[in-house]
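Notes follow the structure.
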Amino acid sequence: MASEQNVFPYIVAPLLAWYDAHARILPWRGNPAPYRVWISEIMLQQTRVEAVKPYFERFIAELPDLKALAAAPEELLLKLWEGLGYYNRVRNLRRTAEVVLERYGGVFPASCEELMSLPGIGEYTAGAIASISFGLPCPAVDGNVLRVIARVTENRGDMMKDKVRREIASRLKAVYPAGRCGDFTQSLMELGATVCLPNGAPKCGKCPLAELCRGFRNGTASELPVKAGKKARRKERRTVFLLRCGDRIALCRRPEKGVLAGLWEFPNVEGSPDRREVAELMAQWGLSVLHIQPSVSAKHVFTHLEWHMSSWFIECAEPVPRFHWVTRETLRGKISLPSAWKAFTGVVFSDSPLELELPFKD
């Protein structure tokens, strides 16, 4: 049995044999061109594979190469990205496309160092592109890989610390198999995604590394990896205003910095104003209110923040220039609305919003 100190060389052959037999068929795997690998890896950050598949296929169909991406208007980019969250990622995609076209003549650089110099590409994404597309021994160490290695080696280091991640990457780099670097990277990812699971019991009976795994042998796999406790998310109460004037709906832009920077939203304020305070606010905004009623409530969770939102549906006599007024068809087809606001679209899209039963829920 390999010891903890020398287990890394022993994981390569069983992992590759398992990957050959069990790798999922995914839309980006058949053609591992750098552009496709890059787009898929950015989409897959903090998003499930099954959810990403249709996004990837739509994105590639609409923007098949760097030139198309660099020339794409922002509203199209945001619409293609709608629902994935972290919208700065798609903005960085376009910036990177511009840089690769200008600096590298439209050809992705092959080295990890050069890849990491591009907007939005960190160590993990650079390692994925370099190994999968260019066959270089560059580890792509994400949460799946850290979990696999922590359990196999029974490593109790804090996986959120850069020192621990760098050590694991270094030991993996030393055993990357020539000619199969991309497959080795993907085999580690695949094992973590489908067998060495993050929540609930890992499927040790199906794992090709079970005989090598100290966590399995010592019954500690479910305790690993070790992560420092996360800070509690800050909670904010917000009130959302669903303003309709005929067939037009009021939107506004968020500030250029901060949460959901620069994206469209329904008008909203912090706090929980009552009906009188809402009516006063509408008057301050220059709106002539025909009808006002409480509407749906929702919660949206960001990484470090929770929004607890209530809302009011307000029918207005005339649009005011303070807001951007769009038709329902435009909102459905052309405007990218972050998922934080999705709970409220059913109200503004309804033909009879005043007849909906919309109690407050918290």
Look through N199, N155 and report the one residue that is farther than 29 Å from V301 by Cβ, surrounded by fewer than 21 Cβ atoms within 10 Å (Cβ to Cβ) and not β-branched (V, I, T). N155
Being under 23 Å from the mean Cα position of the chain (by Cα) and not hydrophobic (A, V, I, L, M, F, W, C) is the requirement here; does K203 meet it? no
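Let's see how each residue does on (1) open to solvent by 10 Å² or more (accessible area, probe 1.4 Å); (2) hydroxyl-bearing (S, T, Y):
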{"residue": "A70", "(1), (2)": "yes, no"}
{"residue": "L77", "(1), (2)": "no, no"}
{"residue": "L93", "(1), (2)": "no, no"}
{"residue": "G106", "(1), (2)": "yes, no"}
{"residue": "S111", "(1), (2)": "yes, yes"}
Hits in region 221-256 - residues which are open to solvent by less than 100 Å² (accessible area, probe 1.4 Å) and more than 30 Å from the chain's Cα centre (by Cα): R244, C245, G246, D247
Go through (1) part of a loop (DSSP other than H, G, I, E, B); (2) closer than 26 Å to R29 by Cβ; (3) not hydrophobic (A, V, I, L, M, F, W, C) one by one and return the number of the condition G105 breaks. (2)
A140: of a type in the set (G, A, S), without any contact (Cβ under 8 Å) to a residue 24 or more places away in the chain and under 30 Å from C213 (Cβ atoms), yes or no? no
From the list S310, S288, pick out the single residue that is among the hydroxyl-bearing types (S, T, Y), open to solvent by 30 Å² or more (accessible area, probe 1.4 Å) and modelled with pLDDT of 95 or more. S288
Name the one entry in V148, V100 that is assigned to a helix (DSSP H, G or I), closer than 30 Å to W264 by Cβ and of a type outside the set (D, E, K, R). V100
Residue check, S170 against (1) in a helix (DSSP H, G or I); (2) out of contact with any Ser or Thr (no Cβ under 9 Å at 6 or more places or on another chain); (3) touching a residue at least 24 places away in the same chain (Cβ under 8 Å), all met but one. Which one? (3)
Looking only at region 157-185, and only at residues there that are under 24 Å from the mean Cα position of the chain (by Cα) and of a type in the set (D, E, K, R), the one that is farthest from S133 (Cα to Cα): D158
Assess whether G120 counts as being crowded, with 16+ Cβ neighbours inside 10 Å, in contact (Cβ under 8 Å) with a residue 40 or more places away in the chain, assigned to a loop (DSSP other than H, G, I, E, B) and under 19 Å from the mean Cα position of the chain (by Cα). yes
Among the residues of region 202-216, write down those that are touching a residue at least 40 places away in the same chain (Cβ under 8 Å), surrounded by 13 or more Cβ atoms within 10 Å (Cβ to Cβ) and not in a loop (DSSP other than H, G, I, E, B). L212, R214, G215, F216
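The values are calculated or read from the model by the stated rules, or taken from the named source; none is laboratory data. Every value quoted in this text rests on a predicted model; they were computed, and no experiment measured them. All Cβ positions, even for glycine, are placed from backbone atoms using ideal geometry, and neighbour counts span all protein chains on display. SASA here: full protein model, heavy atoms, side chains in, ligands and nucleic acids out. Shrake-Rupley method; radii C 1.70, N 1.55, O 1.52, S 1.80 Å.
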